[in-house]
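The values are calculated or read from the model by the stated rules, or taken from the named source; none is laboratory data. Note that the structure is predicted; figures quoted are calculated from it, not measured. Note: ideal-geometry Cβ built from the backbone for every residue, glycine included; neighbour counts use all protein chains shown.
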Number of protein chains: 2
Amino acid sequence: MKKVGVAILGLGVVGGGVYEILTEKKEYFKKTQGLDITVESVLEKNKARAQSLGVKSAVMADSIEEVISNPNVDIVVEVIGGTEPARTFVLKALMSGKTVVTSNKELFAKYWTELEEEAKKMNAGLFFEASCVGGVPIIRVLQDGMQANEIRSIKGIINGTTNYILTKMASENASYEDALKEAQKLGYAEFNPTADVEGFDATYKISILSSLAFNSKVCVENVYREGITGVAKEDIAYGKSMGYTLKLLGIGKKTENGIDVRVHPTFIRNGDPLASVSDSFNAVHLVGDSVGEIMLYGRGAGALPTGSAVVSDVIFAAKHNECYYAPFKNNEKGNKETKFVTDFTSMYYLRMAVKDAAGVLSKIAGQFSKGNISLKEVKQTAVGENSAEIVVITHPALESNMQKTLEKLNKLSEVYGVKGFIRIEE
Amino acid sequence: MKKVGVAILGLGVVGGGVYEILTEKKEYFKKTQGLDITVESVLEKNKARAQSLGVKSAVMADSIEEVISNPNVDIVVEVIGGTEPARTFVLKALMSGKTVVTSNKELFAKYWTELEEEAKKMNAGLFFEASCVGGVPIIRVLQDGMQANEIRSIKGIINGTTNYILTKMASENASYEDALKEAQKLGYAEFNPTADVEGFDATYKISILSSLAFNSKVCVENVYREGITGVAKEDIAYGKSMGYTLKLLGIGKKTENGIDVRVHPTFIRNGDPLASVSDSFNAVHLVGDSVGEIMLYGRGAGALPTGSAVVSDVIFAAKHNECYYAPFKNNEKGNKETKFVTDFTSMYYLRMAVKDAAGVLSKIAGQFSKGNISLKEVKQTAVGENSAEIVVITHPALESNMQKTLEKLNKLSEVYGVKGFIRIEE
């Protein structure tokens with residue numbers, strides 16, 4: 001039976017999950033995979049954590065050098081997260097010819113090119129299933145299940161924290177602040193939630209997924225990003241009444257004008273398969289030219305779901321002795337020949353607080369018309385004396401036109417302010 | 001660049017899709033996969049069909065012998081369907097050392113062992129992604145994305161024809177016969193619809209999927225089968241009013257008493273992720289012990305979706321030069337050590353036409369009680385003079401107890417007949 005030695009760098013949530021799966025399922029993997037997998041080395045400063053997981057002190061390493069010089073280690077699992085020291089550790093592992101399996105989206109999104117170059121030099125494997133959408137094997141599906149397709153679009157709920165918050169806001173009419181507090185209490189959001197709520201985490205993931213989907217390097221800098229901190233519960237309620245559900249989507253599209261990749265709060269139709277993906281669940285919806293629509297749904301985070309993805313890579317790497325590299329030119333700053341859409345097209349939802357007076361609606365409608373934006377739906381509600389709320393849904397328009405119009409609307413004396421501004425995907 | 005020669009056996013719907021993808025995407029596959037794939041040989045009696053697809057007569061073969069003796073053919077794609085001549089052709093291809101890619105669920109479910117033995121002898125690859133759920137890469141996910149999991153259950157809408165019919169019956173309150181006619185008109189159902197509507201097609205698929213999920217050979221004979229021909233629109237309507245959607249499910253469960261595999265019409269809760277899978281869409285829901293819930297959703301049939309799965313296997317086989325064999329003892333008649341549940345446990349829905357008289361309900365309830373079945377919900381509706389309808393939903397009960405009780409209920413003088421009988425999965 002083939003023996004496989006694994007090192008784990010970092011025993012945080014995911015590292016703990018990986019350790020648990022590899023040790024508790026040792027016999028199961030012998031039986032079902034014909035592999036005898038052993039955790040040979042663990043690098044973790046927090047010795048108490050290691051002890052609480054039952055890691056024997058004999059396998060505890062004191063430095064990355066100790067890990068990579070261990071001849072029994074074939075595969076190095078990096079589950080530290082963040083860029084440093086993860087980047088240095090992964091580079092050292094690859095330089096020593098070890099195959100690397102990582103769950104680190106930030107590292108991968110930012111340093112994929114550098115890591116891959118090092119891996120190629122040493123003919124070492126580089127696997128990253130766990131970097132995107134936790135337990136859902138989306139990377140494997142893109143690499144080995146959809147090759148017959150030119151992928152038209154990828155849309156995903158790829159951050160569980162924000163999906164939990166938005167679900168809570170919608171189901172309980174809660175404010176962003178209250179929903180965030182609840183998410184923090186339950187461990188779905190970090191004490192410092194910026195990476196999730198400002199959309200950075202989703203940006204890393206969609207940059208990786210779009211690169212694979214469109215066979216072109218999509219750098220983090222190519223992704224338009226907007227988080228959910230500005231979302232008001234009033235907009236969620238208005239959307240609901242008009243047949244929309246609000247999600248933070250990662251969106252990648254191949255258009256005639258180039259690749260269009262974004263992360264922002266998005267209204268989708270209630271009937272959309274993504275609309276019913278609630279709480280901390282994740283889902284990715286793909287359209288391929290042969291296969292049509294496909295959706296994958298599951299847990300995007302957590303010790304065991306993400307651990308499942310890491311271990312799946314470990315087993316794949318061990319069984320197939322292969323090195324998966326990007327099927328595109330993996331340039332640090334993208335490829336010059338790849339065109340990106342800078343001025344994308346979208347439908348828009350706007351909520352404005354306005355003066356309740358004759359002619360206001362016509363003035364506002366005129367501003368849209370001047371901006372070359374046609375309106376699909378308009379809803380005016382009296383709010384108090386002299387004040388009303390106007391909600392508008394537009395037909396598809398250019399983002400640049402919308403931004404200019406937004407500026408002009410905010411300057412109208414009849415408009416107290418644009419209070420809600422959300423893009424729509426239909 | 002690696003050259004790959006492909007032979008296609010059969011130019012039906014799927015064969016046509018495979019031919020189209022391989023020829024139209026020749027340049028795309030060179031660029032994205034580094035493979036120069038050429039259709040070197042086609043076996044199809046219907047020369048007019050071949051001509052209409054633009055197949056050059058030079059590649060048309062007259063016999064399987066001509067196909068397999070062609071030294072340019074590396075991979076043989078079998079998309080004839082049915083057992084013969086597909087079985088003989090596939091065996092001959094494997095015996096000559098060619099890798100085989102098949103979309104043939106019936107062939108694979110019935111002759112997997114025989115085909116695999118032949119493949120192993122010759123070190124030839126044997127791929128079957130397209131045999132289950134068309135364009136959805138469920139086989140790849142089971143083999144290479146879920147290895148870290150012991151799978152607890154698999155539930156799937158794995159037959160598009162019956163899902164179309166049931167969706168139609170539910171949305172338009174149509175009878176089975178009318179919905180079937182509509183499905184036939186649209187090409188979703190065959191002129192002879194038996195394989196689909198009686199559940200045979202789903203049985204082949206769930207036998208393959210359960211085998212992979214549970215690492216144990218599940219033969220077609222191990223699968224309990226019941227089709228949708230007995231489903232009345234009245235039951236769909238009653239179900240709806242009680243919060244249930246009716247689907248033909250393929251179900252596989254790993255229980256303490258063994259593996260439980262079935263195909264039958266099933267009520268699921270409206271909130272179940274599978275409940276919103278409509279029309280001819282397919283979906284598979286899995287529960288793994290590490291990953292939790294996962295669902296895959298997409299087109300289960302059609303020229304291009306199924307063609308996409310076939311071509312995905314062709315590319316995988318060509319790139320990795322590998323032979324995927326079953327990760328379990330692949331015995332023709334299953335393994336003696338594998339235990340199967342013969343008397344499964346389920347919840348039940350029953351609709352009875354009864355005499356509208358005092359004491360009827362108590363007599364019926366007494367019969368359930370004698371059968372060791374406890375009731376969860378009871379609904380009685382007067383229908384005409386002297387007659388009423390009683391709908392019952394039970395708590396989980398043994399199928400054997402339910403069958404005995406069913407027989408006794410039908411014998412009660414107060415019961416005109418059990419008109420509806422549907423299992424429930426919650």
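Does B:GLN403 meet the test of being touching a helix residue (DSSP H, G or I) at 6+ places or on another chain (Cβ under 6 Å), on the phi < 0 side of the Ramachandran plot and assigned to a helix (DSSP H, G or I)?
No.
Could you please find all residues in segment A:307-326 being surrounded by fewer than 17 Cβ atoms within 10 Å (Cβ to Cβ) and in a loop (DSSP other than H, G, I, E, B)? If the condition is that a residue be surrounded by fewer than 17 Cβ atoms within 10 Å (Cβ to Cβ) and in a loop (DSSP other than H, G, I, E, B), then A:ASN321, A:GLU322, A:CYS323, A:TYR325 are the ones that fit.
In segment B:116-135, the qualifying residues are those that are buried (at least 24 other Cβ atoms within 10 Å of the Cβ) and in a helix (DSSP H, G or I), and the one that is nearest to the chain's Cα centre (by Cα) is B:SER131. Here A:VAL263, A:VAL231 are screened, and the one residue that is in contact (Cβ under 8 Å) with a residue 40 or more places away in the chain, part of a strand (DSSP E or B) and either β-branched (Val, Ile, Thr) or within 14 Å of chain B (Cβ to nearest Cβ) (or both) is A:VAL263.
Residue count for segment B:284-298 under the criterion of being touching a helix residue (DSSP H, G or I) at 6+ places or on another chain (Cβ under 9 Å) and buried (at least 24 other Cβ atoms within 10 Å of the Cβ): the result is 8.
Might you check whether a residue that is exposed (fewer than 15 other Cβ atoms within 10 Å of the Cβ) and within 30 Å of A:PHE200 (Cα to Cα) occurs anywhere in segment A:24-46? Yes, segment A:24-46 has at least one match.
Against the conditions (1) part of a helix (DSSP H, G or I); (2) more than 17 Å from A:PRO137 (Cα to Cα); (3) within 14 Å of chain B (Cβ to nearest Cβ), A:LYS329 satisfies every one except (1).
Listed here are the residues, each with its yes/no results for (1) over 18 Å from B:PHE128 (Cβ atoms); (2) within 14 Å of chain A (Cβ to nearest Cβ).
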position	(1), (2)
B:ALA189	yes, no
B:ALA202	no, no
B:LYS205	no, no
B:PHE214	no, yes
B:ASN222	yes, no
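Within segment B:98-134, restricting attention to residues that are of a type in the set (A, V, I, L, M) and within 13 Å of chain A (Cβ to nearest Cβ), the residue that is nearest to B:THR161 (Cα to Cα) is B:VAL133.
Selection of first residues in segment B:135-151 that are more than 7 Å from every other protein chain (Cβ to nearest Cβ) and in contact (Cβ under 8 Å) with a residue 24 or more places away in the chain and of second residues that are surrounded by fewer than 24 Cβ atoms within 10 Å (Cβ to Cβ) and in a loop (DSSP other than H, G, I, E, B), restricted to Cβ pairs under 8 Å at least 6 apart or on distinct chains, gives the following pairs, ordered by first then second residue: B:GLN143/B:TYR324; B:GLN143/B:PRO327; B:ILE151/B:ASP289. Residue check: B:GLU322 meets all listed conditions (1) under 21 Å from the mean Cα position of the chain (by Cα); (2) modelled with pLDDT under 95; (3) within 11 Å of another protein chain (Cβ to nearest Cβ); (4) under 24 Å from B:ALA148 (Cα atoms) but one, namely (1).
Would it be correct to say that A:VAL67 is in contact with a Ser or Thr (Cβ under 6 Å, 6 or more places away or on another chain), of a type outside the set (D, E, K, R), surrounded by 14 or more Cβ atoms within 10 Å (Cβ to Cβ) and modelled with pLDDT of 95 or more?
When the stated conditions are applied, A:VAL67 passes them.
Of the residues making up segment A:194-226, just one is in contact with a Pro (Cβ under 8 Å, 6 or more places away or on another chain) and of a type in the set (S, T, N, Q), namely A:ASN215. Picking from residues in segment B:136-154 that are under 21 Å from the mean Cα position of the chain (by Cα) and small (Gly, Ala, Ser), the one that is modelled with the highest pLDDT is B:SER153. For the residues B:ALA50, B:ALA61, B:ALA93, the requirement of being surrounded by 24 or more Cβ atoms within 10 Å (Cβ to Cβ) and modelled with pLDDT of 95 or more singles out B:ALA93. Does B:ALA109 meet the test of being crowded, with 21+ Cβ neighbours inside 10 Å, assigned to a helix (DSSP H, G or I), assigned by TED's automatic domain parsing to the domain that holds B:SER312 and among the hydrophobic types (A, V, I, L, M, F, W, C)? Yes, satisfied. The residue that is farthest from B:GLN147 (Cα to Cα), among those in segment A:97-115 that are over 18 Å from the mean Cα position of the chain (by Cα) and of a type in the set (Ser, Thr, Tyr), is A:THR113. Scanning segment A:234-260 for residues that are β-branched (Val, Ile, Thr) and away from every other protein chain (no Cβ under 14 Å) yields A:ILE236, A:ILE251, A:THR255, A:ILE259. Reported count of residues in segment B:385-405, each being within 15 Å of B:LYS363 (Cβ to Cβ) and of a type outside the set (Val, Ile, Thr), is 1.
Selection of segment A:20-67 for residues being outside any strand (DSSP E or B), without any contact (Cβ under 8 Å) to a residue 40 or more places away in the chain and among the hydrophobic types (A, V, I, L, M, F, W, C) yields A:ALA48, A:ALA50, A:ALA58, A:VAL59.
Only residues that are within 14 Å of another protein chain (Cβ to nearest Cβ) and not aliphatic (A, V, I, L, M) were counted across segment B:17-48, and they come to 15.
Yes or no, residue by residue, for (1) in contact with a Gly (Cβ under 9 Å, 6 or more places away or on another chain); (2) among the aliphatic types (A, V, I, L, M):
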position: B:ASN257; (1), (2): no, no
position: B:GLY271; (1), (2): yes, no
position: B:VAL284; (1), (2): yes, yes
position: B:SER290; (1), (2): yes, no
position: B:ARG299; (1), (2): yes, no
position: B:ASP343; (1), (2): no, no
